[in-house]
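Take a look at the structure below.
Bear in mind that the values in this text are calculations on the coordinates, not laboratory data. Remember, predicted model here, so these are calculated numbers, not experimental data. Reconstructed Cβ throughout: ideal geometry from the backbone, glycine too, with neighbour counts over all protein chains shown.
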Amino acid sequence: MNKIFQYFLVKHNRKTPFVILVYFFATFIIVRTFVYAWTYGFIPEITLVIRDIQIHHLNFGIFILAVAGYLALVREKEDSRLKIAKIYGIGLALAFDEFGMWLHLENNYWLRQSYDGIIIITVILLNIVFLKHIWQKIIEQHIILGRKILNKFRKDVEIKSRKILTGKK
């Protein structure tokens with residue numbers, strides 16, 4: 001397992017996205033476990049209500065993401081980056097766990113879009129951690145192909161423009 005960790009994460013400089021993925025997924029599992037536990041009456045409901053407004057954990061996630069963003073801008077050391085990645089992963093999970101509430105702007109936790117948001121973020125993070133080199137090759141090939149197409153188009157336009165300007169058919 002250590003060899004896999006060393007190969008994928010250390011050698012290819014993907015420790016930070018991996019830490020984000022682990023903290024994102026762990027936070028999501030913990031939050032959903034608590035929500036299901038109080039929904040089915042295993043534990044008392046834990047909510048913060050201020051002046052009849054329920055403060056959802058997506059709000060805490062947004063603030064945590066803001067803090068992580070600020071810290072990422074002012075810190076430069078590698079060990080700081082991994083600590084910030086942990087904070088970022090937690091904030092990302094808290095915010096996206098209630099993604100459906102963002103879209104519908106209603107107090108309904110049980111929306112399908114919340115699961116969709118978590119799945120999309122998880123797939124993106126998995127791709128960044130484990131398939132980055134494949135995506136880089138695909139992008140490079142598309143850039144090369146795009147340049148060839150643009151050069152061909154440019155040459156065709158130049159030839160047609162010369163014919164129009166010289167009056168030749």
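Under the rule that an exposed site lies in a DSSP loop and has at most 10 other Cβ atoms within 10 Å, name the longest stretch of the chain with no chymotrypsin sites (Phe, Trp or Tyr not before Pro) of that kind, not counting the sites themselves. By the stated rule (loop sites, at most 10 other Cβ atoms within 10 Å), 43-109. The base-10 log of I(q)/I(0) for the chain, evaluated at q = 0.13 Å⁻¹, reads -0.79 [Debye formula, identical scatterers on Cα atoms, solvent excluded]. Under the convention that each Lys and Arg Cβ holds +1 and each Asp and Glu Cβ holds -1, the size of the dipole of the stretch 79-169 around its Cα centre is about 1340 debye. If the segment from I164 to V123 were pulled out straight at 0.36 nm per residue, it would be longer than the present Cα-Cα gap by 9.6 nm. Charged side chains reduced to their Cβ positions (Lys and Arg at +1, Asp and Glu at -1) give the chain a dipole of some 1840 debye around its Cα centre. Kirkwood's formula applied to the C-alpha pairs of the stretch 23-67 gives a hydrodynamic radius of 11.9 angstrom. Springs between Cα atoms under 10 Å define the GNM used for the chain, and in it the highest mean-square fluctuation of K77, K86, K148 occurs at K148.
Converting phi to 3J(HN,Hα) with the Karplus coefficients 6.51, -1.76 and 1.60 and the offset θ = phi - 60°, the stretch 14-22 yields 10, 5, 4, x, 5, 4, 4, 4, 5 Hz in sequence order, with x at every glycine or proline.
For the chain, averaging the sequence separation of C-alpha pairs within contact (under 8 Å, six or more residues apart) and dividing by the residue count gives a relative contact order of 25 percent. Cβ-to-Cβ counts within 10 Å put S161, S114, S80 in ascending order as S161, S80, S114, the fewest first.
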